[in-house]
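Scroll down for the structure; my scribbles are underneath it.
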Amino acid sequence: MALLPLLFCSLLVVSLAEMSAKIGVNYGREGDNLPSPYESIQIMKSIKVGQIKLNDSNPEILTLLSGTKIHVAVTVPNDDIIRIGSNDSMAEQWVRNNILPHYPDTMIRFVLVGDRVVNSNMDVNGTMEQSLVPAMRGIKSALTAHGVKNVKVSTTLGMDVVQTRFPPSNSTFHSDISDSVMPKLLKFVNGTKSVVFVDVYPYFAWSANPTNISLDFALFGGNITHTDPGSGLVYTNILDQMLDSVTFAIEKLGFRNIRLAISRTGWPTAGDIDQAGANIYNAATYNRNLIRKMTSKQPLGTPKSPGLIIPTFISSLYDENRKIGPETERHWGMLHTNGTPVYEIDLTGNRKISEYKPLPPAVNNVPYKGKLWCEVAPWVNEMSLPAALSNVCSIDNETCAALAPGRDCYEPVSVVWHASYAFSSYWAKFRSQGAICSFNGLARETTVDPTGRGRCNFPSVTV
């Protein structure tokens with residue numbers, strides 16, 4: 001009988017080792033030029049993806065994953081939370097329609113209820129926010145009622161829920177969140193032995209403050225350390241700092257044994273001119289080092305939580321050209337849309353860093369300083385410009401005033417010219433309030449003054 005505990009421990013070690021090797025990817029589909037789900041799953045099998053996170057519960061994809069050893073995280077869309085949270089029968093229906101037809105042949109392991117519903121700008125009294133935890137409870141109860149015991153229910157948080165991140169030991173959640181939804185959420189996670197999923201992007205932390213944060217520290221270079229003055233813990237990378245800031249904030253609400261998972265992380269391979277560090281060299285370096293850390297035979301965890309496995313989903317499988325926002329949003333993929341790698345990557349963690357081929361040198365690690373304009377992108381179909389031009393010019397009376405007949409920028413009378421002026425004018429006026437030079441993919445940043453030597457002066461941004 002004495003052999004049984006030893007056997008159990010051995011099986012547990014094997015199980016943990018297997019889990020640590022299962023690097024996951026986010027299989028997003030916001031593109032009009034992506035391989036089919038069938039082709040995509042064949043690609044993922046060929047590159048040894050261990051886990052897939054979906055932004056929904058697409059039945060075609062879940063059916064195609066049947067019989068594979070790929071673990072799956074599915075998502076309940078935000079739009080369904082109020083309905084599911086208001087009535088247990090709706091939760092039962094969702095499980096019956098989205099989980100039971102595929103489980104257990106498809107290895108669904110997580111149901112994520114909502115995506116970043118809890119955030120720094122949330123209305124804590126809003127219907128969706130109030131419905132989140134009841135929806136999670138309803139989904140879990142429905143799973144249990146059908147004998148589904150190894151599927152964890154959670155939700156995805158962004159790092160903006162943490163008010164103070166550095167040093168990690170000082171971290172707290174925003175007061176309105178910590179006084180309302182977070183205690184209920186953490187009580188559910190703790191009681192069901194689930195995990196908290198967090199989007200963790202060291203790129204954004206570094207790019208927001210590249211002068212004071214070392215790029216080496218963001219890319220797991222290991223050449224720089226920071227000691228937390230409150231805890232005495234020593235950090236060698238930003239990712240660990242960010243994860244531990246969430247853990248410290250959780251502990252301050254009275255929960256000491258809650259585990260974390262990384263729902264999204266990665267590094268962009270390209271971006272706008274004012275988005276320093278978005279390049280292939282940094283993206284490959286970050287993801288290779290991330291994989292090496294997360295697939296270590298002895299789980300590394302973090303300084304605050306050493307030795308723990310951290311389920312990790314890299315963002316993302318493909319570049320997705322229909323994503324809105326800054327240029328980086330469309331360049332997180334490890335693969336081109338034809339399935340070929342943007343850079344070499346081994347998701348198993350077995351390949352040594354020294355065995356990869358040389359990467360193209362990084363040329364934009366130093367933030368650009370100077371003037372920028374916003375112009376119509378050269379690949380845009382002119383037929384899509386009139387509606388965008390009308391929309392921008394309707395914002396206020398000044399944005400497009402110079403385009404009126406007889407004014408300085410009226411000529412040449414061209415929709416491309418007028419749209420470029422309108423985009424640049426709007427961006428210059430509202431950039432400080434969060435405006436970006438994108439306009440649903442119709443515009444791009446440029447360092448060249450579009451006006452040339454004419455009398456029209458395009459408004460610019462100085463960075």
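The values are calculated or read from the model by the stated rules, or taken from the named source; none is laboratory data. Source: prediction; values computed, not measured. Please note: Cβ atoms are built from the backbone with ideal geometry, for glycine as well, and neighbour counts cover all protein chains shown. Side chains included, ligands, DNA and RNA excluded: accessible areas come from the protein's heavy atoms. Shrake-Rupley method; radii C 1.70, N 1.55, O 1.52, S 1.80 Å.
Carbon and sulfur atoms: what percent of the 1.4 Å accessible area of the chain do they account for?
Roughly 53 percent, rounded to a whole number.
Summing -39500 (n - 2.57) over the DSSP H runs of n ≥ 4 in the chain and dividing by its residue number, what mean residue ellipticity at 222 nm do you reach, to the nearest 500 deg cm²/dmol?
-9500 deg cm²/dmol
Kirkwood Rh over Cα pairs of the range 234-306 into Stokes-Einstein at 25 °C, 0.890 mPa s: D in µm²/s?
Using the Kirkwood radius from Cα pairs, D works out to 174 µm²/s.
Can you list which of the DSSP-assigned H helices in the chain have a Cα extent of 24 Å or more along the long axis and an average Kyte-Doolittle score of at least 1.0?
3-20
Return the sequence-ordered ³J(HN,Hα) values of the range 396-409 in whole Hz as given by the Karplus equation 6.51 cos²θ - 1.76 cosθ + 1.60 applied to θ = phi - 60°, using x for Gly and Pro.
7, 7, 9, 3, 10, 4, 6, 8, 5, x, x, 7, 4, 10
In the range 262-299, what trypsin sites (Lys or Arg not before Pro) fall in a loop by DSSP, with at most 15 other Cβ atoms inside 10 Å?
LYS297
Regarding the range 19-119, what is the average projected area of its C-alpha convex hull, in nm²?
7.4 nm²
Placing +1 on the Cβ of each Lys and Arg and -1 on the Cβ of each Asp and Glu in the chain, which of PRO59, LEU243, VAL366 has its Cα farthest towards the positive end of the resulting dipole?
My answer, from the dipole projection, is LEU243.
With a 1.4 Å probe and every protein chain left in place, work out the accessible area per residue of the chain in Å², rounded to a whole number.
Counting only protein heavy atoms, the per-residue value for the chain is 46 Å².
If you build the convex hull over the alpha carbons only and average its shadow over all orientations, what do you get for the range 146-253? Give it in nm² to one decimal.
Approximately 8.0 nm², given one-decimal rounding.
Which far-off residues, 5 or more places away or on another chain, put their amide H under 5 Å from the one on GLY158, with H placed in the peptide plane?
Distant-sequence amide H within range of GLY158: ASP199.
Report the accessible area of TRP332, computed with a 1.4 Å probe over the heavy atoms of all protein chains in place, in Å² rounded to the nearest 10.
Its heavy atoms expose roughly 10 Å² to the probe.
Would you mind checking which residues have amide H under 5 Å from ARG351's amide H? H placed 1.01 Å from N; only 5 or more apart, or other chain.
none
How big is the equivalent ellipsoid of the range 305-439 along its three axes, where each semi-axis is √(5λ) from the Cα gyration tensor, reported in whole Å from largest to smallest?
42, 17, 15
Only one of the values [x] 175; [y] 142; [z] 314 was calculated from this structure for volume of the Cα convex hull per residue in Å³; name its label.
Read-out taken from this structure: [x].
Rounded, prolate or oblate for the range 102-147? Axes are the square roots of the Cα gyration tensor eigenvalues, ordered a ≥ b ≥ c, and the cut-off for rounded is a/c under 1.5.
Because a/c hits 1.5 or more and a/b fails to exceed b/c, the range 102-147 counts as oblate.
Can you give the Rg to Rh ratio for the range 215-342, taking only C-alpha atoms and Rh from Kirkwood?
My calculation of the ratio gives 1.01.
Among all the lysines, which ones have a C-alpha under 17 Å from LYS187's C-alpha, if same-chain residues fewer than 8 places away are not counted?
Cross-link targets: LYS140, LYS152, LYS252.
Check which residues have an amide H placed less than 5 Å from ILE52's amide H, if you skip close sequence neighbours.
Excluding prolines and chain starts, which carry no amide H, the hits are VAL25, HIS71, VAL72, ALA73.
Please state the charge dipole magnitude for the range 128-238, taken about the Cα centre, from unit charges on C-beta atoms (+1 on K and R, -1 on D and E), reported in debye and rounded to the nearest 20.
Roughly 680 debye for the range 128-238.
Using the Karplus curve 6.51 cos²θ - 1.76 cosθ + 1.60 with θ = phi - 60°, work out ³J(HN,Hα) for each residue of the range 261-274 in order, rounded to whole Hz, and write x for Gly and Pro.
Coupling constants for the range 261-274: 10, 9, 7, 8, 7, x, 8, x, 8, 7, x, 6, 4, 8 Hz.
Using only the C-alpha atoms of the range 38-177, find the volume of their convex hull and express it per residue in Å³.
Once divided by residue count, the hull of the range 38-177 is 129 Å³.
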